[in-house]
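One structure is given here, and the rest of the page talks about it.
The values are calculated or read from the model by the stated rules, or taken from the named source; none is laboratory data. The shown structure was predicted, so the numbers you read here are calculated from the model rather than taken from an experiment. All Cβ positions, even for glycine, are placed from backbone atoms using ideal geometry, and neighbour counts span all protein chains on display.
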Amino acid sequence: MSNDMARAEHLAWCRQRALEFLNAGDLPLANASMSSDLMKHPETRPTEAQLSEGLRLAIARDADGMRDWIEDFR
């Protein structure tokens, strides 16, 4: 992803990829995808707390929580 891509477009791309893994039942990969992809744009870099929350949800196998974390990420 290009760093000059609009923030909203990049965030939509991050969500789409993460939700594909989540819908396939792979919470750890959904978390890894979302976290990694967010780091690829200077305006979507997550905080440590946001990264920790995604990891916590993946470990807990909380699919509903993971979906909310992905869809509600700001």
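Key figures for this structure:
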read-out	value
Complete set of residues in the range 10-34 that are under 15 Å from R74 (Cβ atoms) and either out of contact with any Asp or Glu (no Cβ under 8 Å at 6 or more places or on another chain) or among the basic types (K, R) (or both)	L11, A12, R15, M34
Close pairs (6 angstrom Cβ cut-off, 6 or more residues apart or separate chains): on the phi < 0 side of the Ramachandran plot and polar (S, T, N, Q) in the range 16-31, crowded, with 16+ Cβ neighbours inside 10 Å and at pLDDT 95 or above anywhere	N31/G54; N31/A58
